[in-house]
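Engineer: Before I ask anything, let me first share the structure, which is written out below as structure tokens.
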Amino acid sequence: MQINVIKFSINLSTNCFFNTGINETATAKIKKATSVALILCPILLSQESLANGQIDEAITLAANNRKQEVASTPKLENTLWWNVAKHHHIDPYILYAVALIESAKNSDPNHVTPWPWALNKAGHSIIPASQQEAHTLLNKSIAQGNRHIDIGLMQINLHWHGHRVEKPEHLLNPVTNVEVGAGLLAEAIQSSPNDLVLGIGRYHNWQDIQTAVVYGRRVLAVADQIRTVL
């Protein structure tokens, strides 16, 4: 059984999905449950719009463009995002929204996608073209004694959460990265049972409540808009 990669175009001729190159070990884990699709780019959206939180018009346009193709519209259900989120008892759309915000890649001015090889060092976003390039940069950072680096789809911080994997490079495995990130997001949400916004925000910042709340609201806004597309 192979991993299916859903192809989904929005008002453009090019697809915004790609083969993630998941290795055999990761594939074996997925085979235990079902054939899983790793959705990476469902939304027509500019990086600038995402950064500014001005996503409504872009996602609404995407949704309208898909109304004539309802039968072929891919859903988040039964994808990696869905299955991992349900395992951790969190909303799959919130999980996907966090990944989209954390690791957005904007190779095309009209598309944005969570990027499995994304890195961030001291606030500087790095978008390697391949897993191999990301691995090289990660190893270089570690060799320089810098483990304060965010890795992959969910931007897992190696300094704080490297103990959750056997080796740092394992966080460049998309399946592992989403699994670890979902666990951290679930812990953050559970820490604030009466305030979902704050709980989500703690995935980004535990110390500064205001910053956490802003982040949480942003994630919920993105998640709600994604529901109109997926």
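The values are calculated or read from the model by the stated rules, or taken from the named source; none is laboratory data. On a predicted model such as this, the values are computed, not experimentally measured, just so you know. Because the Cβ atoms are built from the backbone with ideal geometry, glycine has one as well, and the counts that use them run over all protein chains shown.
Listed here are the residues, each with its yes/no results for (1) of a type outside the set (A, V, I, L, M, F, W, C); (2) within 22 Å of Ala182 (Cα to Cα); (3) modelled with pLDDT of 95 or more.
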residue	(1), (2), (3)
Leu61	no, no, no
Glu69	yes, no, no
His89	yes, yes, yes
Ala97	no, yes, yes
Leu100	no, yes, no
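Engineer: So His159 ticks every box in (1) in a helix (DSSP H, G or I); (2) touching a helix residue (DSSP H, G or I) at 6+ places or on another chain (Cβ under 7 Å); (3) surrounded by fewer than 19 Cβ atoms within 10 Å (Cβ to Cβ) but one. Which box is left unticked?
Structural biologist: His159 satisfies every listed condition except (2).
Engineer: With respect to Leu137, determine if the residue is buried (at least 19 other Cβ atoms within 10 Å of the Cβ), modelled with pLDDT of 95 or more and not acidic (Asp, Glu). Spell out how you get there, then give the answer.
Structural biologist: Values: buried (at least 19 other Cβ atoms within 10 Å of the Cβ): no; modelled with pLDDT of 95 or more: yes; not acidic (Asp, Glu): yes.
The answer is no for Leu137.
Engineer: State whether the residues of segment 162-172 include one that is of a type in the set (Asp, Glu), closer than 21 Å to His87 by Cα and surrounded by fewer than 23 Cβ atoms within 10 Å (Cβ to Cβ).
Structural biologist: First, the residues of segment 162-172 that are of a type in the set (Asp, Glu): 166, 169.
Add one more test, that the residue is closer than 21 Å to His87 by Cα, and what stays is none.
Looking for residues that are of a type in the set (Asp, Glu), closer than 21 Å to His87 by Cα and surrounded by fewer than 23 Cβ atoms within 10 Å (Cβ to Cβ), one finds none in segment 162-172, hence no.
Engineer: Also, quick follow-up: Restricting to segment 173-204, count the residues that are over 25 Å from Ile127 (Cα atoms) and surrounded by fewer than 23 Cβ atoms within 10 Å (Cβ to Cβ).
Structural biologist: 13
Engineer: So, Ile142, is that one β-branched (Val, Ile, Thr), within 18 Å of the chain's Cα centre (by Cα) and part of a helix (DSSP H, G or I) or not?
Structural biologist: Values: β-branched (Val, Ile, Thr): yes; within 18 Å of the chain's Cα centre (by Cα): no; part of a helix (DSSP H, G or I): yes.
When the stated conditions are applied, Ile142 does not pass them.
Engineer: Another one. Against the conditions (1) in contact with a helix residue (DSSP H, G or I) (Cβ under 8 Å, 6 or more places away or on another chain); (2) of a type in the set (S, T, N, Q); (3) within 22 Å of Ala122 (Cα to Cα); (4) not in a helix (DSSP H, G or I), where does Gln207 fall short? Just the number, please.
Structural biologist: The failed condition is (1).
Engineer: Limited to segment 180-205, what total is found for residues that are of a type in the set (A, V, I, L, M, F, W, C) and more than 21 Å from Leu153 (Cβ to Cβ)? Reasoning before the result, please.
Structural biologist: Within segment 180-205, the subset of a type in the set (A, V, I, L, M, F, W, C) is 180, 182, 184-186, 188-189, 196-198, 200.
Narrowing the set further to residues that are more than 21 Å from Leu153 (Cβ to Cβ) leaves 196-198.
Matching residues across segment 180-205 total 3.
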